[in-house]
Amino acid sequence: PGSKSLSNRCLLLAALSEGTTKVENLLESDDSLDQLEVPVEKQDATCVTVEGQAGPINAPSKEACELFLGNAGTAMRPLAAALCMGEGKFVLDGVPRMRERPIADLIDGMKQLGATVSCVEETGCPPVTISANELPGGSVMSSQFLSSMLMASPLATGDVTISIKDELISAPYVALTIGLMKKFGVDVQITGDFNEKPSFFIPSTAAYKSPKSILVEGDASSASYFIAGAAITGGTVTVRGCGSESVQGDVAFANVMEQMGATVTWGPDSITVTRDPDVKLKGVDVDCDKIPDAAMTLAVAALFAEGPTTIRNVYSWRLKETERMKAIVAECTKLGATVEEFRDYCIITPPADNKINDNVLIETYDDHRMAMTFSLAACGGVNVIINDPGCTAKTFPTYFDMLESIATH
């Protein structure tokens, strides 16, 4: 299926553009544009046409527009920024877990630009309340949620400069956002070293224009399950829709599998993975800052390696759909691994002789990626029971059917 982060960004930019945009290979997921009364016409399950507003999205009526965004951080953050730019009152909320996911840095950044916006003061989390009346632009210091601020910036009536406070968080996602904005006619001017403390300038003349149609890349995080499955079993799998020309950071997961002992062949739009039966997977020590979603898949691949695997720089796990660090430690331990947990990394030592415990019930914590990641434990020839498999609907409703279609028993 289409990339979640690209799907949500494409829909929003299409809505803010001048002209009509056809968005293809869209991930089937919750659509907040309907709630905002932006005209979206569904062509089929993965293709829509969005009628652009040629500027900010205003509240549909004088009443506060209440948006329920479930557990979708990739919808909550960009909308919280973009809706500050138009006119009207908005309240953005979600499931109880969404009310535990920090957004204060973004709110602070938007306030620096003059927005009247707030989140819950005690927690720094949603609900987000916005009272919008255009924004003049200005300068902002931030290091988090940069993509959301960047996408909203062309809607300001003046210039916007965004400087990095400490270090740029999630650089691959920021690069992906800037690349996408360019496709919609906005050039972000970057000064300084992109991977350290760059600053970004968006002139007042910037405006989104529809590219007429845009194709969403296949989701590289979702591809990681099939890539790892091939590395673990020694079968051969080709994933299509993302490859050497992909804009998504998570394609680098294939390099990690290669480091462990898999054979990887890259095409512009595909990745093929297999493993020589004489080569055993080896434990690795990897900085996963740029591949936090795919790093979860590494945790299960580690169960099949010789020696421990260290997954570093994944503090962001603690802020996702569930507290992923705790969840991964708990479920890997159930399967027989020894896991040492630290603030932003963990060390996974596989069970003796890689013998995984049979018939383990995996808790998914209403987190799509937990269900998909831990299904791979079955590659060890054991039964794995996945609780609430339907939670994969968030990004990959057909995941288990697709897994079955390439599996042998």
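Just a few scattered comments:
- Failed item in (1) over 14 Å from residue 13 (Cα atoms); (2) among the small types (Gly, Ala, Ser); (3) in contact with a strand residue (DSSP E or B) (Cβ under 9 Å, 6 or more places away or on another chain), with residue 221 passing the rest: (3)
- Applying the criterion of at least 1 residues that are under 23 Å from residue 198 (Cβ atoms) to the strands (runs of 3 or more DSSP E) found wholly in the stretch 49-151 leaves 138-142.
- Within the stretch 1-48, being crowded, with 23+ Cβ neighbours inside 10 Å and free of Cβ contacts under 8 Å to residues at least 12 places away in the same chain holds for no residue.
- Subset of the stretch 315-364 (residues that are in a loop (DSSP other than H, G, I, E, B) and in contact with a strand residue (DSSP E or B) (Cβ under 6 Å, 6 or more places away or on another chain)): 335, 337, 345
- Subset of the stretch 77-105 (residues that are crowded, with 18+ Cβ neighbours inside 10 Å, of a type in the set (A, V, I, L, M, F, W, C) and modelled with pLDDT of 95 or more): 79, 80, 81, 82, 83, 84, 85, 90, 92, 103
- Cβ-Cβ under 7 Å pairs, at least 6 apart or on other chains, the stretch 340-365 side touching a residue at least 40 places away in the same chain (Cβ under 8 Å), far side among the β-branched types (Val, Ile, Thr) and in a loop (DSSP other than H, G, I, E, B): 356/382; 365/322
- Every pair of residues 6+ apart whose Cβ atoms lie under 7 Å, when the first sits in the stretch 375-388 and is part of a strand (DSSP E or B) while the second is open to solvent by 50 Å² or more (accessible area, probe 1.4 Å): 385/359; 385/361
- So residue 310, is it open to solvent by less than 60 Å² (accessible area, probe 1.4 Å), in contact with a strand residue (DSSP E or B) (Cβ under 9 Å, 6 or more places away or on another chain), assigned to a loop (DSSP other than H, G, I, E, B) and among the polar types (S, T, N, Q): no
- Within the set 180, 215, the sole residue that is under 16 Å from residue 12 (Cα atoms), open to solvent by less than 40 Å² (accessible area, probe 1.4 Å) and of a type outside the set (Phe, Trp, Tyr) turns out to be 180.
The values are calculated or read from the model by the stated rules, or taken from the named source; none is laboratory data. This is a predicted model, so every value here is computed, not measured. Please note: Cβ atoms are built from the backbone with ideal geometry, for glycine as well, and neighbour counts cover all protein chains shown. Quick note on the areas: whole protein, heavy atoms, side chains included, nothing else; ligands and nucleic acids left out. Shrake-Rupley method; radii C 1.70, N 1.55, O 1.52, S 1.80 Å.
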